[in-house]
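A quick write-up on the structure given underneath.
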Amino acid sequence: MAEIKKADGFIDWLDQRLAVRKLTKVLMTEYWIPKNINFLWAMGVVLTVLFSVLVVSGIFLLMYYKPDTKLAFDSVNFTIMSEVEYGWLWRHAHAVSASLIFLIIYIHMLVAIYYGSYKRGREMIWITGMILFVLFSAEAFSGYMLPWGQMSYWAAKVITDLFGKVPFIGPDLVVWIRGNFIPADATLTRFFMLHVFLLPLAIMLLIVTHFYSLRIPHVNNQDGEELDFDKEVEKYKNGNKKDSKVVAFWPDFLSKDIFVICTFMILFVYLICFNYNFAMDPINFDPADTLKTPAHIYPEWYFLWSYEILRGFYMSETLGLIFFGFAQVILFALPFLDRSPVVAPAHKRPLFFIWFFVLIADLIVLTIFGKLPPEGINNYVGFIAAIVFILLIIMLPIITMIERKSNGGVK
């Protein structure tokens, strides 16, 4: 047993029992961040704040929500919105957070791609981040079902029907997931459990893993410069903070993050109070009707790009499913598809720069046409955009190998 001495204060008392000073050093005061980064590196902390808002608002909503197909719709749209004091505020906060969290995730992912932050020892950072994206997607889908509105029901039916295409076990798998032959009370109860317990727990554990994966390779910087962290830390500790290329996570870096968070929260509060409808589908304000199919079924905006790949191959349902699955899985392999060893921002890699912005343009087209009815010219545009996405992924190893042969692809 360690020797316990008379404590000099509360912090010292805790330190002797929980080593809080050492923990503070490891996580904050001696966790080193490069200086040459911009506000885009604050997206991870913004995501943490948004997830915290989701958890807190979800707990308040949980007090009044009824996971029953006969009661769910009224519990959300009447009890919470009309009878519970400030219930509207918690529902709006939850819906807006759920939508904004995907906007920030996409920014976070695109920043990592632009600056090559998935390379040179940082592969696990990207992979754990992609697993988090999958978990957040599952969390969003399960939450979308809970109001049991018209779009909740039919989106649940369409998505669970996809599992029916699995060879041999597909039909049985669909029944097992739903707990019934159609989305019903058992389906709602199962997805309620996933949404409020299993998935949030998995997300919390993976967030810790994601942050831990940053410790060894360290955070990338906007120039892709490879730093000698030991040397730069020595300068910092010796008082030469001006010449050191690193700063402490706390108080230096986190204080800037807090400024970004405060700026972001102004937008967040505005959306909650004045423009929350963007996060709520108007069709979902109608109760679920198993006998009335909506004229056009579509998911939330953050799933539209992959949904359009699924239906883009309108001439073959099988091809659509194959390439939909390909689009979901292939992004995990991005660190291994980029064959250039150079870690540099895209504007220093000419071919990759073009590839990156064509990818963004294609994702925007897929998202826009994913919400439009699948008819006429929409079908052809969606098909072309889906093909372009597949070709871009296939071309990535080729263009990065060309850059590798051309002086590392860096100007």
- Does any residue of region 173-189 turn out to be open to solvent by less than 50 Å² (accessible area, probe 1.4 Å), within 30 Å of residue 109 (Cα to Cα), in contact (Cβ under 8 Å) with a residue 12 or more places away in the chain and touching a Leu at 6+ places or on another chain (Cβ under 8 Å)? no
- Query: So, in region 46-83, of the ones that are polar (S, T, N, Q) and within 30 Å of residue 256 (Cα to Cα), which residue ends up farthest from the chain's Cα centre (by Cα)?
  - Reply: 57
- Item | Residue count for region 162-188, restricted to those that are among the aliphatic types (A, V, I, L, M), over 21 Å from residue 202 (Cα atoms) and part of a helix (DSSP H, G or I) | 5
- Task: Kindly check whether there is at least one residue in region 57-77 that is aromatic (Phe, Trp, Tyr) and surrounded by fewer than 19 Cβ atoms within 10 Å (Cβ to Cβ).
- Result: yes
- Could you tell me which of the residues 54, 23, 40, 50 is of a type outside the set (Asp, Glu) and more than 19 Å from residue 211 (Cα to Cα)? 54
- Query: Given 113, 101, which one is open to solvent by less than 30 Å² (accessible area, probe 1.4 Å), among the aliphatic types (A, V, I, L, M) and in contact with a helix residue (DSSP H, G or I) (Cβ under 6 Å, 6 or more places away or on another chain)?
  - Reply: 101
- Check on residue 159, of a type in the set (A, V, I, L, M), part of a helix (DSSP H, G or I), open to solvent by 50 Å² or more (accessible area, probe 1.4 Å) and more than 30 Å from residue 37 (Cα to Cα): yes
- Note on the structure: Note on region 279-315: residues touching a strand residue (DSSP E or B) at 6+ places or on another chain (Cβ under 9 Å) and of a type in the set (D, E, K, R) are 281, 286
- Query: Out of region 309-337, which residues are in contact with a Leu (Cβ under 6 Å, 6 or more places away or on another chain) and either part of a loop (DSSP other than H, G, I, E, B) or open to solvent by less than 40 Å² (accessible area, probe 1.4 Å) (or both)?
  - Reply: 313, 320, 337
- Looking only at region 146-156, count how many residues are touching a helix residue (DSSP H, G or I) at 6+ places or on another chain (Cβ under 7 Å), in contact (Cβ under 8 Å) with a residue 40 or more places away in the chain and either of a type in the set (Lys, Arg) or assigned to a helix (DSSP H, G or I) (or both). 4
- Message: Can you tell me which residue is farthest from residue 354 (Cα to Cα) among those in region 116-147 that are in contact with an Asp or Glu (Cβ under 9 Å, 6 or more places away or on another chain) and open to solvent by 20 Å² or more (accessible area, probe 1.4 Å)?
- Response: 144
- So how many residues does region 78-98 have that are open to solvent by 20 Å² or more (accessible area, probe 1.4 Å) and among the β-branched types (Val, Ile, Thr)? 2
- Item | Pairs where the first residue, in region 345-361, is part of a helix (DSSP H, G or I) and the second is open to solvent by 10 Å² or more (accessible area, probe 1.4 Å) and among the charged types (D, E, K, R), C-beta under 7 Å, 6+ apart | 348/411
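The values are calculated or read from the model by the stated rules, or taken from the named source; none is laboratory data. As the structure is a computational prediction, the values presented were derived from the model and not from experiment. We place every Cβ from the backbone using ideal geometry, glycine too, and count neighbours over all the protein chains shown. Calculation scope for accessible area: heavy atoms of the full protein, side chains included, ligands and nucleic acids excluded. Shrake-Rupley method; radii C 1.70, N 1.55, O 1.52, S 1.80 Å.
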